[in-house]
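The values are calculated or read from the model by the stated rules, or taken from the named source; none is laboratory data. For clarity, every value in this text was computed on a predicted model and none was experimentally measured. Here the Cβ positions follow ideal geometry from the backbone for every residue, glycine too, while neighbour counts run over all protein chains shown.
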Amino acid sequence: MTTTLNPRTHGPDHPVSYYAATARYDQRYPQLTESIRADVCVVGGGFGGVNTALELAERGYSVVLLEAHRIGWGASGRNGGQLIRGIGHGLEPFRKTLGDAGVAAVEAMGNEAVDIVTQRIERYNIDCDIRWGFADLANRPRHWAELQSHFDELQNTDIGHQFELLPPERLGEVVGSNRYLGALVDSGSGHVHPLNLVTGEARAAADLGVRIFERSAVLDIVEGEPVLVKTEAGQVVADRLVLCGNAYVSGLNKTLAGKVLPAGSYVIATEPLDEATARQILPGRHAVCDMNVALDYYRLSADNRLLFGGLCNYSGRDPRSIEAALKPHLDRVFPALRDIHIDYQWGGMIGIGANRFPQIGRLKPNIYYAQAYSGHGVNVTHLAARVIAESMHGDSERLNVLEKVKHLTFPGGPRFRSPLLALGMLYFRMKDWV
């Protein structure tokens with residue numbers, strides 16, 4: 001029987017998903033019920049918040065982490081698990097703002113972001129099914145031309161050896177489907193079990209002394225020096241505050257909420273495939289993404305399930321049945337799996353910014369934020385955490401670079417910004433169809 005959930009369900013536990021069903025770290029943390037003091041208060045128990053707390057604890061700070069539900073409850077525990085090199089969706093539009101040196105610095109950060117995840121897993125012995133290998137798949141001739149151009153650019157970098165351009169006749173090395181025209185393979189990117197990664201990192205943070213509180217939604221923030229952060233049953237007095245609510249930042253800060261749009265993203269998981277079928281559809285076990293605006297992304301889990309995601313939805317309305325909406329996409333890519341059983345379906349909100357560049361910076365000298373990863377959250381959250389921790393520790397050079405990029409507030413206010421963006425994205429989808 002297919003396991004279904006409402007992607008917006010709020011509750012004390014993680015929403016039903018393949019990840020929740022295979023969680024290895026089920027530690028629970030108390031609700032905040034008193035007034036406590038800390039050097040830093042971090043709001044948000046996803047990758048951004050957990051890793052900021054961990055980075056600061058490694059530097060000797062006393063840290064309190066507040067999460068409204070469970071660690072990894074939001075996108076960090078529900079996403080496609082793709083760990084992709086880079087910090088955004090292309091840096092060329094930002095060259096005028098950042099300059100050549102700034103673009104080079106951000107490119108270096110994007111490469112470092114994956115290394116941070118690797119180091120975290122190794123240092124704290126986190127069991128999260130990490131596997132290397134990722135491929136961008138060209139759906140159309142213009143996509144293939146873009147991949148060829150990007151590959152040529154990569155040959156002039158010191159990481160060019162990690163990439164390989166596969167023409168149509170070699171696509172079978174990556175994917176057993178005839179829907180694509182070529183691939184750019186990145187051996188330095190890959191995929192993980194995201195819920196096990198973030199909860200494993202939380203365990204490491206707690207072992208270093210971070211005080212983690214779940215079911216402790218923030219109700220009010222009183223700015224000042226120090227900052228006062230109030231929950232239903234307690235409060236935190238801290239010298240500094242970091243807001244990592246991302247798609248769930250609404251209610252914490254109006255400025256940040258206006259610059260990030262929650263967009264629905266959805267995943268289905270098949271029953272386990274036999275080894276021969278798994279080798280046929282993804283022979284190298286790469287994580288893959290196609291290049292359409294409304295993209296498909298998929299990979300094999302450690303137990304040979306096909307995890308197939310897509311349907312990025314800006315309308316604010318979830319599909320009535322995730323399986324019914326996504327399974328036709330899977331069938332078009334892999335017709336041989338038309339009769340395969342779907343064991344899990346789930347979804348959640350990711351944070352999208354207007355310019356698709358991550359928003360990392362300071363609202364006040366003692367209030368930091370990180371959000372709007374636009375689909376690159378597994379790695380960029382880790383980079384954001386490091387940059388924020390560096391700044392608090394006295395080195396703001398990299399944060400200063402990221403803060404040069406200004407972020408637009410979505411038009412239309414809370415009521416109309418989602419429908420307006422949905423109309424805009426429909427235009428780009430129509431371009432794909434044409």
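Annotations
- When Tyr61 is tested against the conditions (1) more than 30 Å from Glu223 (Cβ to Cβ); (2) in contact with an Asp or Glu (Cβ under 8 Å, 6 or more places away or on another chain), the lone failure is (1).
Each row is one residue, and each column tells you yes or no for (1) in a loop (DSSP other than H, G, I, E, B); (2) within 13 Å of the chain's Cα centre (by Cα); (3) touching a residue at least 40 places away in the same chain (Cβ under 8 Å); (4) crowded, with 21+ Cβ neighbours inside 10 Å.
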| residue | (1), (2), (3), (4) |
| --- | --- |
| Ala302 | yes, no, yes, no |
| Tyr344 | no, no, yes, yes |
| Gly348 | no, yes, yes, yes |
| Ala354 | yes, no, yes, no |
| Val378 | no, yes, yes, yes |
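- Selection count, region 27-45, where residues are surrounded by fewer than 19 Cβ atoms within 10 Å (Cβ to Cβ) and over 20 Å from Gly200 (Cβ atoms): 7
- Yes/no for Tyr298 being among the hydroxyl-bearing types (Ser, Thr, Tyr) and either in a helix (DSSP H, G or I) or modelled with pLDDT of 95 or more (or both): yes
- Close pairs (8 angstrom Cβ cut-off, 6 or more residues apart or separate chains): closer than 29 Å to Gly81 by Cα and of a type in the set (D, E, K, R) in region 382-400, modelled with pLDDT of 95 or more and not in a helix (DSSP H, G or I) anywhere: Glu390/Ser396
- When residues of region 306-330 are limited to those that are charged (D, E, K, R) and loosely packed, with under 15 Cβ neighbours inside 10 Å, the one nearest to Met109 (Cα to Cα): Arg317
- Remark: His150 falls outside the filter, which requires a residue to be assigned to a helix (DSSP H, G or I) and touching a residue at least 40 places away in the same chain (Cβ under 8 Å).
- Selected residue (only one of Val293, Val288 is part of a loop (DSSP other than H, G, I, E, B) and farther than 30 Å from Leu66 by Cβ): Val293
- Answer residue from region 356-376, given it is without any contact (Cβ under 8 Å) to a residue 60 or more places away in the chain and outside any loop (DSSP other than H, G, I, E, B) and is surrounded by the fewest Cβ atoms within 10 Å (Cβ to Cβ) among those: Arg362
- Filtering Ala202, Ala257, Ala278 for residues that are in a helix (DSSP H, G or I) and crowded, with 24+ Cβ neighbours inside 10 Å leaves a single hit, Ala202.
- Looking only at region 79-94, residues that are at pLDDT 95 or above and of a type in the set (Lys, Arg) come to 0 in all.
- Looking at Ser177, Ser189, Ser216, just one residue is touching a residue at least 12 places away in the same chain (Cβ under 8 Å), part of a strand (DSSP E or B) and surrounded by 16 or more Cβ atoms within 10 Å (Cβ to Cβ), and that residue is Ser189.
- Pairs where the first residue, in region 80-103, is over 23 Å from Val117 (Cβ atoms) and the second is at pLDDT 95 or above and outside any helix (DSSP H, G or I), C-beta under 6 Å, 6+ apart: Phe94/Val405; Thr97/Lys404; Thr97/Val405; Leu98/Lys404
- The residues of region 89-136 that are surrounded by 14 or more Cβ atoms within 10 Å (Cβ to Cβ), among the charged types (D, E, K, R) and part of a loop (DSSP other than H, G, I, E, B) amount to a single one, Asp129.
Here is a yes/no grid of residues against (1) surrounded by fewer than 19 Cβ atoms within 10 Å (Cβ to Cβ); (2) polar (S, T, N, Q); (3) at pLDDT 95 or above:
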{"residue": "Ala138", "(1), (2), (3)": "no, no, yes"}
{"residue": "Pro141", "(1), (2), (3)": "yes, no, yes"}
{"residue": "Gln148", "(1), (2), (3)": "yes, yes, yes"}
{"residue": "Glu153", "(1), (2), (3)": "yes, no, no"}
{"residue": "Asn156", "(1), (2), (3)": "yes, yes, no"}
{"residue": "His161", "(1), (2), (3)": "yes, no, no"}
{"residue": "Glu169", "(1), (2), (3)": "yes, no, yes"}
{"residue": "Asp220", "(1), (2), (3)": "yes, no, yes"}
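- Residue within region 57-64 that is of a type outside the set (Ser, Thr, Tyr), in a loop (DSSP other than H, G, I, E, B) and modelled with pLDDT of 95 or more present: yes
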